[in-house]
1. As an exercise: evaluate N38 against (1) assigned to a loop (DSSP other than H, G, I, E, B); (2) modelled with pLDDT under 80; (3) surrounded by 10 or more Cβ atoms within 10 Å (Cβ to Cβ) and give the number of the one condition it does not meet.
2. Just need a number here: residues in the range 41-63 that are modelled with pLDDT under 95 and small (G, A, S).
3. Which of the residues spanning the range 1-35 are polar (S, T, N, Q) and either modelled with pLDDT under 75 or exposed (fewer than 10 other Cβ atoms within 10 Å of the Cβ) (or both)?
Amino acid sequence: MTEAGLYNQWFKYMVPNISSCVSPPSKITVSTSLSLANLWGMFVVLVGGHALALLVLCTELITSHILQARATQPDSCLPC
């Protein structure tokens, strides 16, 4: 379909004015500057993600340590 140009023809039919916006802005302006006060949410998410990753790491290390201790511990209930 793409090689024959059928896709492009369908796309032009469905979106007749694909090369320009309906009302393009004449000038793009940034109303606020980037500062720490404007970006605090991003840092909260970053720190929260790091804290969650650290919690998962600690859980995995503790679980691994407990499982290895159980595997190397001799069974005292079994007769010799």
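The values are calculated or read from the model by the stated rules, or taken from the named source; none is laboratory data. Bear in mind that the values here come from a model prediction, so they are computed numbers and not experimental data. Please note: Cβ atoms are built from the backbone with ideal geometry, for glycine as well, and neighbour counts cover all protein chains shown.
1. (2) is the only condition that N38 fails.
2. 1
3. Step one: list which residues in the range 1-35 are polar (S, T, N, Q), which gives 2, 8-9, 17, 19-20, 23, 26, 29, 31-33, 35.
Answer for the range 1-35, where residues must be polar (S, T, N, Q) and either modelled with pLDDT under 75 or exposed (fewer than 10 other Cβ atoms within 10 Å of the Cβ) (or both): T2, N8, N17, S19, S20, S23, S26, T29, S31, T32, S33, S35.
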